[in-house]
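Engineer: The structure's right below; bear with me while I get my questions together.
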Amino acid sequence: MRHLKKTILKAGTLLFLLFIFIAGGYLLAARLDITFRLPFFSHQREADSKVVLSESREILRLATVEYLYKSVFPYDFIPEGTDFRKLFSSLFRNEKLTEEEQALIDLYRLCAEIGIDLNMEQYTFAVITTRVKGGFDLSQKGIGIEETDGEGPGKHNVTITLPKPIITECVVEDETSDRYPYPDIQAGPAAWKEITSMAQRAIRKRVIEEGILEEAQQRGKAYLEPLFSQAGYDKISFRTYD
């Protein structure tokens, strides 16, 4: 991507209160049907298709890192050296295409639909802003805390177990006409939905390759370690749920 701005969410004492709620209050509130709105968490209702949308569950997620992408559609989504003539020649010969090659053909067809000819130099484009957050889904197991005796009287160690890091959010931000400083492309609602879905898939893959999950895990540990150190623990260890 040509344009990338990366911001890191900062915690503080509010995060310490947050983990206190996780330790006990959240589970109790769930049973009593009380809705929590805690900092650095996203809340949404997710329906379970297995029960034909008759039930839903609360999803509690902690985001520790955030990437903000501004990408130019379609050009930021076309790898350098792409030969569309060769791709379509392989398609017409019924040769097996890779997932990436099929995605490029879909992109070409979508561009043709909205009036962008990728075989010619044009200045028709759209700037898409995508916000991606990495962190932890705490709705299943939460954060495990195991305390053990340390070396010496009054010393205590703690092992903190975290879920595996995930992409907690990946959304394309809406641009209103008064804020959008670029020429509009001729894309109707259906085509624009396909464009944003294509952008989400590409950017989600890109940020994972760039290490957003590893950074989210490191940031989570960096938030927790000083909190437990200030609480008096001598040695602090981390592990991940299987």
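Engineer: Any chance you could count how many residues in region 132-150 are part of a strand (DSSP E or B) and open to solvent by 50 Å² or more (accessible area, probe 1.4 Å)?
Structural biologist: Selection size over region 132-150: 5.
So that you can scan it fast, the table gives a plain yes or no per residue for (1) touching a helix residue (DSSP H, G or I) at 6+ places or on another chain (Cβ under 9 Å); (2) more than 30 Å from PRO74 (Cα to Cα); (3) not hydroxyl-bearing (Ser, Thr, Tyr):
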{"residue": "ALA202", "(1), (2), (3)": "yes, no, yes"}
{"residue": "VAL207", "(1), (2), (3)": "yes, no, yes"}
{"residue": "GLU215", "(1), (2), (3)": "no, no, yes"}
{"residue": "ARG219", "(1), (2), (3)": "no, yes, yes"}
{"residue": "LEU224", "(1), (2), (3)": "yes, yes, yes"}
{"residue": "GLN230", "(1), (2), (3)": "yes, yes, yes"}
{"residue": "SER237", "(1), (2), (3)": "no, yes, no"}
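Engineer: Of all residues in region 119-131, how many are open to solvent by 50 Å² or more (accessible area, probe 1.4 Å) and assigned to a strand (DSSP E or B)?
Structural biologist: Number satisfying all stated conditions: 1.
Engineer: Determine, yes or no, whether GLU194 is under 25 Å from TYR67 (Cα atoms), out of contact with any strand residue (DSSP E or B) (no Cβ under 8 Å at 6 or more places or on another chain), at pLDDT 85 or above and surrounded by 12 or more Cβ atoms within 10 Å (Cβ to Cβ).
Structural biologist: yes
Engineer: Restricting attention to region 144-168, which residues are of a type in the set (Val, Ile, Thr) and under 28 Å from ARG206 (Cα atoms)? So that I can check it myself, show each step before the final result.
Structural biologist: First, pick out the residues of region 144-168 that are of a type in the set (Val, Ile, Thr): 145, 148, 158-161, 166-168.
Those that are of a type in the set (Val, Ile, Thr) and under 28 Å from ARG206 (Cα atoms): THR161, ILE166, ILE167, THR168.
Engineer: Something else: Within region 100-118, how many residues are of a type in the set (Gly, Ala, Ser) and part of a helix (DSSP H, G or I)?
Structural biologist: Number of matching residues: 2.
Engineer: If GLN186 satisfies every condition in (1) within 24 Å of the chain's Cα centre (by Cα); (2) modelled with pLDDT under 90; (3) not small (Gly, Ala, Ser) but one, which is the exception?
Structural biologist: Result: GLN186 fails condition (1) only.
The values are calculated or read from the model by the stated rules, or taken from the named source; none is laboratory data. Quantities reported herein were computed from a predicted structural model and do not represent experimental measurements. Cβ atoms come from the backbone with ideal geometry, glycine included; neighbour counts cover every protein chain shown. Keep in mind that these areas ignore ligands, DNA and RNA; they rest on the heavy atoms of the full protein, side chains included. Shrake-Rupley method; radii C 1.70, N 1.55, O 1.52, S 1.80 Å.
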